[in-house]
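Chemist: The structure follows.
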Amino acid sequence: MTAFDALMAHERETQALDRVAGRLSWDQETMMPRGAVEQRAEEMGAMQAMLHARKTDPQVGEWLEDARAPDAAGAAQLRLIAHRYARLTRVPADLTRELASLTSRSQSQWAAARADDDFAAFAPTLEEVVRLKREEGAALADGGDVYDALVDDYEPGARAADLAGIFDDMRPGLVELRLAALEGAERAPVSGRFAPEVQVALARELAERFGYDLNRGRIDMAVHPFSSGSGDDVRITTRVSENDPFNCLYSTIHEVGHACYEQGIDPAYHMTPVGQGVSMGVHESQSRIYENQLGRSRAFCEFLYGRMCDEFGDIGVPDAEAFYATVNRLHRGYIRTEADEVQYNLHIMLRFELERALIAGDLQVRDLEAAWNDRFKADFGYEVDRASNGVLQDVHWSVGLFGYFPTYSLGNVYAGCLHASLRADLPDLDEHLAQGDPSPATIWLRDKVQRHGGLYEPREVIERACGERPTAGPLMAYLKEKFGGLYPG
């Protein structure tokens, strides 16, 4: 057996165990009894310690030195394993175990504090999470920027200064669009009672229309919708509100974008590092283009309006054109996951700057709620009414996902580039979307992006698909055309 073959055999077992750990996390958010929190924390700590030991085994380093890639895919496997090995060998195993155990417990504590609108109850735990993430980031940075080292976990090669430059360029145009829209009368949402079981049934239909293979997946309920898994076991969650069916329907389409990415990767790469999404920015490009550029398009709204009238009767909207305007209405609100396409990125910029300050030590956890509320008032023009609508609304910090948030807006930038390219290649796409058939676009995305998994570097994936280096230009042009039409000055 060659060094490459031995390394890949070891990696396949490691990937299998990683999937088991992921399923424990999925279970914690969907099925686990509340009383099992402490036991699950111990289980997750043990799993992460074992995985850390496998991924940092000195034998892996020896295999990497001796291995010769048989082809381009093999070279990508070695690149990804070497990158991970170099990072993880800098982090002490005890720190990895402590983080896994703490974040398993803190997730439940965050959920309880969120339900009680009590940030003070969660702050001591969050202080511990931040302290450990600073330690981890310092170990990974090896003398470099600590926050950059954390971002690299989610978007390899990205740097906070570059991300800040992109966001600073976007902010004036986003604020201008928001102000122009909200100066007028706010459009009313749909109205009525939307039975949860009917919402879920329609969400399943939409999931399948967008290409989600339910033979290799499932849809469950969670406080915070998410997608998990890869290959032949890719699961998503959604949530329902009796007064707001879009919460369920569009969060489902969003998570289906993530899930289809994982399901669409070349099966030859399954259970290997290449056999999963290359970065969270590229991942988010899939979920956002499914949800927004396709799912909220005028053509698809024509189809969805008919289906919602079929299922719910009168929804308080007179026709498909009014429905399109309602689906895409700019509106006041607090929740990132419910934000419109224009204001969503402002939510991300807020979180990016706050978490960067937390990791740098420029902001203390005890001051985080006040800092959030002040920044929200400055960005959105009104005050946060309660913690669950503010600093406690997202699960990310409770589970230690510092450096994750900026990939959401980067995903929007990537989605803007991909949408411009696929529209150029698919001039009759709207005819299909109006029939509830997004498959020409989803097949294009599978071929151009999804099937490659981690074969290429993140930005290279987008550049290969679009034929040019990704910039924020296509996204901002799309937003100005769409919302300038919906809200003419």
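The values are calculated or read from the model by the stated rules, or taken from the named source; none is laboratory data. Every value quoted in this text rests on a predicted model; they were computed, and no experiment measured them. Here Cβ is always computed from backbone atoms with ideal geometry, including for glycine, and neighbour counts include all displayed protein chains. To get the accessible areas, we keep the full protein, side chains included, count just its heavy atoms, and leave off ligands, DNA and RNA. Shrake-Rupley method; radii C 1.70, N 1.55, O 1.52, S 1.80 Å.
Chemist: Could you tell me how many degrees, from 0 to 90 and to the nearest 10, lie between the Cα long axis of helix 298-312 and the main elongation axis, the longest principal axis, of the Cα atoms of the chain?
Modeler: Orientation of helix 298-312: about 80 degrees from the principal axis.
Chemist: Also: Give me the distance between the Cα centres of the stretch 101-143 and the stretch 266-326, rounded to whole Å.
Modeler: 32
Chemist: Follow-up question, since we're still on this one. Helix 406-425 sits at what angle to the longest principal axis of the chain, using alpha carbons and giving 0 to 90 degrees rounded to 10?
Modeler: Rounded to the nearest ten degrees, it is 60.
Chemist: Oh, and also: Using DSSP loop states and a limit of at most 14 other Cβ atoms within 10 Å to flag GluC sites (Glu not before Pro), what is the longest stretch of the chain containing no flagged site?
Modeler: 1-182
Chemist: Next question. For the Cα atoms of the chain, what angle does the longest principal axis make with the long axis of helix 119-141, in degrees from 0 to 90, nearest 10?
Modeler: Orientation of helix 119-141: about 50 degrees from the principal axis.
Chemist: Right, another one. Suppose we keep just the alpha-carbon trace of the stretch 380-458; what are its Rg and Dmax in angstrom?
Modeler: Both quantities, over Cα of the stretch 380-458: 18.1, 46 Å.
Chemist: Further question: Expressed as a rounded percentage, what relative contact order does the stretch 1-159 have, with Cα pairs under 8 Å and six or more residues apart?
Modeler: Details: 114 pairs, mean separation 37.5, N = 159.
Computed value for the stretch 1-159: 24 percent relative contact order.
Chemist: Could I ask something else about it? Give a quick list of trypsin sites (Lys or Arg not before Pro) in the stretch 443-487 that DSSP marks as loop, anything other than H, G, I, E or B, with at most 13 other Cβ atoms within 10 Å. Walk me through the numbers on the way to the answer.
Modeler: On the way: sites: ARG446, LYS448, ARG451, ARG459, ARG464, LYS480, LYS482; in loops: none.
Filter output for the stretch 443-487: empty list.
Chemist: On to the next question. How high is the FRET efficiency from ALA141 to ALA164, r the C-beta distance, R0 22 Å, rounded to 0.05?
Modeler: Taking R0 as 22 Å, the efficiency between ALA141 and ALA164 is 0.80.
Chemist: Given the Cα-Cα distance of HIS83 and ARG307 and 0.36 nm per residue of separation, how much length would full extension add, in nm?
Modeler: 75.9 nm
Chemist: In Å and on Cα atoms, what radius of gyration and Dmax does the stretch 1-136 show?
Modeler: 18.0, 58
Chemist: I would also like to ask the following. Can you check what the Kirkwood hydrodynamic radius comes to for the chain, Cα pairs only, in Å to one decimal?
Modeler: After inverting the mean inverse Cα-Cα distance, the result is 23.3 Å.
Chemist: Under the definition of Cα pairs under 8 Å and six or more residues apart, what whole-number percent is the relative contact order of the chain? Intermediate results must be reported in sequence, preceding the final value.
Modeler: Numbers: 693 pairs, mean separation 95.1, N = 489.
The value is 19 percent.
Chemist: Still on this structure, I have one more. Rounded, prolate or oblate: which fits the stretch 244-363, taking a ≥ b ≥ c as square roots of the Cα gyration tensor eigenvalues, rounded meaning a/c under 1.5, else prolate when a/b beats b/c?
Modeler: Oblate is the answer for the stretch 244-363, as a/c is 1.5 or above yet b/c matches or exceeds a/b.
Chemist: Here's a follow-up. May I ask for the distance between the Cα centers of the stretch 457-483 and the stretch 353-368, given as a whole number of Å?
Modeler: Each part's Cα centre sits 31 Å from the other's.
Chemist: What's the carbon and sulfur percent of the stretch 184-241's accessible surface, probe 1.4 angstrom, rounded to a whole number? If you can, show how the numbers build up before the last one.
Modeler: Values: 1240 of 2540 Å².
Exposed carbon and sulfur together represent 49 percent of the surface.
Chemist: Oh, and also: Over all directions, how big on average is the projection of the convex hull of the alpha-carbon atoms in the stretch 136-212, in square nanometres?
Modeler: Result: 10.1 nm².
Chemist: Shape call for the stretch 99-185 from the C-alpha gyration tensor, a ≥ b ≥ c root eigenvalues: rounded (a/c under 1.5), prolate (a/b greater than b/c) or oblate?
Modeler: Judged from the Cα gyration tensor, the stretch 99-185 comes out oblate (a/c at least 1.5, b/c at or above a/b).
Chemist: Could you work out how much longer the chain between ASN215 and ALA180 gets when fully extended? Use 0.36 nm per residue separation minus the Cα distance between them, nm to one decimal.
Modeler: Length gained, ASN215 through ALA180: 8.1 nm.
Chemist: Go through THR237, THR96 and list them by solvent-accessible area, largest first, probe radius 1.4 Å. List each step's numbers first, then the result.
Modeler: Numbers: THR237 0, THR96 30 Å².
Accessible-area ranking of THR237, THR96, largest first: THR96, THR237.
Chemist: I would also like to ask the following. Between rounded, prolate and oblate, where does the stretch 268-322 land on the alpha carbon gyration tensor, with a ≥ b ≥ c its root eigenvalues, rounded for a/c under 1.5, else prolate if a/b exceeds b/c?
Modeler: Since a/c reaches 1.5 and a/b is larger than b/c, the shape of the stretch 268-322 is classed as prolate.
Chemist: Here is a follow-up. Out of all DSSP beta bridges with both ends in the chain, state the antiparallel percent to the nearest 5.
Modeler: 45
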